[in-house]
Structure formats: C-alpha cells, structure tokens
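Working notes, beginning with the structure itself.
The values are calculated or read from the model by the stated rules, or taken from the named source; none is laboratory data. Given the structure is predicted, the values throughout are model-derived calculations rather than measurements. Neighbour counts run over all protein chains shown; Cβ positions are idealised from the backbone, glycine included.
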C-alpha cells in the first residue's frame, strides 16, 4: 500500500528508473496545463479582441458561439489521432521512441500558437497542440503503470494524471515469465471478446465515459468564460484559487489512495462531486441574485478538488491497470478514444447550452452532469473493482476466478502461505470454466 513513506523504496532503484518516472509524470501535466491555461486565456479581453469579433449589441469583444465551440472541440479529434499514432509507434518501435517522437509535435504546435495573427492560425495551433496531448495522455499513464514498483503504482499514476530493484524477486520472476510468454503472441482486437476480457473492457470504457460526462468540460474548458459572464470575480483570480484548491486533491489522493482504497475514494469523492454540481444547478434557478452568483463561484471553485479524487484520477488508475498485459496498448487506445469522443460531443455542444440566445441554461447544466455522476456512482458500487496494492499476477488470478467487484479488497491469493485471517471472511471462488486465450 502506497503512502509517503513508501517513496523511500525508490532509493534502491536505479537513477534511470527514478528519472524516467519523474520526467514522464511531469509530461502528463500537459493535459491539465493545456486545459487550465487555455480556459483562462480565451476569457482574457486581449485574446478576445485579437482573435474574436466585436458585438455591437453588447459593445464588447468576444467569440461567437460557433467559434468558441470550435476552439474547444476541434482539437479533440486531433487528440484521438494522437493516441492512435502513439499506439502505432509504440507497438512498432517501442515506448521510448514513441515518447521522444511526440516532443517534435508540441514544438511545432507552440510555435504556430505563439505567432498566430488571426482566428484560423490560433485554431490550427490549438489542434496541433491537442495532437501532442492525446499522444502523451495515451502513452504516459500506461508507461508509468508498467515501470513503477507495485506499492507505488497507483499513487504515481494519480500524480502523473493531474501532475525496480525494490520489487520482490518472486514478482519479478513471475512477471518475466509472463513477458516471455506474451512475446510469442501479440494481443488481437478479437481477444477483447474472449473470457474475462469482456468484463475488463466494459470497466475501462465505463470509467472513461464517466470521466467526461460528470462536468469536467464545463468546469475546466469553459469555467473561466462562465465565471466571467457572472461578473462577480476576476477570471484570473478564480482560476488561480480553483487551481490551488484542486492541487490539494492529488496530494490527498497520493497519500491515501492505496491505504483507504481506490473504490472508497471513487464513491466518496464522487458523491461530493455530484453534490457540488446539484448545488451549482440549484443556485442558478429562478431569479439569480448576487449572493447566488457568489455561491455558484464558490462551488465551481471546489469542484476540481473532488473530481480529481473520484471520476478523474481514480478512473485513470483503474483504466491503466484493468486490462490484460497483451491488450494493454489496445485497451489504452480504446479508453482514450472513448474519452475523446464523449469530450468532443460535450465540448462542441456546451456553448449552445450555456450561452444566451441559445439554450441559456448557464449553471443549470449542473443538473445534467450531476445526474450523469449519480449514474456513475451506482455503476461503481456494483462493478468497480478495488485493485489497490495488487500485483499484476494477483490481478490475473482474480480475473480468472471471477471475483465480484465488491469483494476485490478482501480476496486472498491461492499462493498466499500466511493463511486466512480469522477476523475476516474470505470467499473461495471456483476457477472460470472459460479462460481467455490471452
């Protein structure tokens, strides 16, 4: 189980491993950095004046609903393309080559964005940057999950998502044997339909969907513009305070996720998350007063804190660990493409839900996302497994025995010689009749 003390296990690891974990973890910050920074930039008066248009009715510069929708959504297909490129390069040339290759893309994207003079150039730069973000966010969590020590795997992937020699010899020996066996046959797309891989695929897709339909686009990509429309707080101040509060989430998650358990984090954090969304929606009903607007700003400010501890980071950890070793690349691609598809749909349509002259729901969209989150919690209660502290070998045994999701935490390996703890009940599950080919 990971906590701050477990970081001492890295002192026995090679410097190459430690440096790789640090660099790849920092690389994953690109997703949150890109989303957070651009959300604030697009709400700045100077940016709107340079790339937007003048509205004679309001006598203000800004983006039309269509242009705002394109700025935030058209980069998402590029993300999906980036994930596909990451898969193809990683499978053919290896993780390292794939990781190095994507750095050239971000250099081009930044250069175009920095020198843009009109809306078209700004949009082109944005799309190229998103190509890199998709590639990076496909490759990095999977890379971290594979190279990190078991005790730290969950915590490291959590920090990377928002932010060895120490391993037991038995686990390393078993893992090497598994790798040697996997080398003979690569996982095929059809293998997803065999044995318990169907169950694992459904879990991966579910956490990817709930990662996107629970309000993150509203609060992150359009958060600053929405707060600006309320005219109660400076958007930069809001973004700074919100980011500061949100940063506490990964710290708490890092410290406790592998002690308390990921399933509990997901359920408790998710409950708080949807509560915030429903409050946001409720404050926006009827005649919205200044105090109501202040309350909306307050709940929007703390949303990220609870989201990271539930639908965000915990979902990323689950998706990174749930698949079979030989299907991990393809599973990661399925997860990120699923996220991108739902993110694209939501991001493309959200301005039309928010803006006056369209649906004009404003903060009442919280009811929509809160309801989606409630469905996610019901699903998680019955089907989300807790893989806390489990080695890859233990997980394979658990999947083959069809252990129910709610009993993952209490399961004991058949190779555990320590015996069954009399203080807790452990159920033995029969081997599955059908074992998948991979």
### Message
From the list 393, 397, exactly one residue is modelled with pLDDT under 90, in a helix (DSSP H, G or I), touching a helix residue (DSSP H, G or I) at 6+ places or on another chain (Cβ under 8 Å) and within 23 Å of residue 260 (Cα to Cα). Which is it?
### Response
393
### Message
I'd like to verify a number: residues in the range 227-264 that are surrounded by 23 or more Cβ atoms within 10 Å (Cβ to Cβ) and within 25 Å of residue 363 (Cα to Cα), how many?
### Response
3
### Message
Quick check on my filter: what residues within the range 322-339 are part of a helix (DSSP H, G or I) and either buried (at least 24 other Cβ atoms within 10 Å of the Cβ) or more than 14 Å from the chain's Cα centre (by Cα) (or both)?
### Response
325, 326, 327, 328, 329, 330, 331, 332, 335, 336, 339
### Message
Tell me the residue from 398, 387 that is within 20 Å of residue 201 (Cβ to Cβ) and either surrounded by fewer than 17 Cβ atoms within 10 Å (Cβ to Cβ) or more than 22 Å from the chain's Cα centre (by Cα) (or both), please.
### Response
398
### Task
Taking residue 132 as the residue in question, decide whether it is under 24 Å from residue 332 (Cβ atoms) and under 20 Å from the mean Cα position of the chain (by Cα).
yes
### Message
Please pick out the residue among 318, 294 that is part of a helix (DSSP H, G or I) and more than 19 Å from residue 202 (Cβ to Cβ).
### Response
294
#### Entry: Residue selected from the range 79-122 under the condition modelled with pLDDT of 85 or more and not in a helix (DSSP H, G or I), by the criterion surrounded by the most Cβ atoms within 10 Å (Cβ to Cβ)
116
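Here is a yes/no grid of residues against (1) under 24 Å from residue 63 (Cβ atoms); (2) modelled with pLDDT of 90 or more; (3) assigned to a helix (DSSP H, G or I):
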| site | (1), (2), (3) |
| --- | --- |
| 190 | no, no, yes |
| 201 | no, yes, yes |
| 204 | no, yes, yes |
| 209 | no, yes, yes |
| 218 | yes, no, yes |
| 225 | yes, no, yes |
| 229 | yes, no, yes |
| 233 | yes, no, no |
### Message
So residue 72 passes all but one of these: (1) assigned to a helix (DSSP H, G or I); (2) surrounded by fewer than 23 Cβ atoms within 10 Å (Cβ to Cβ). Which condition number does it fail?
### Response
(2)
### Filter pass, residue 39 being buried (at least 21 other Cβ atoms within 10 Å of the Cβ), in contact with a helix residue (DSSP H, G or I) (Cβ under 9 Å, 6 or more places away or on another chain), at pLDDT below 80 and under 18 Å from residue 125 (Cα atoms)
yes
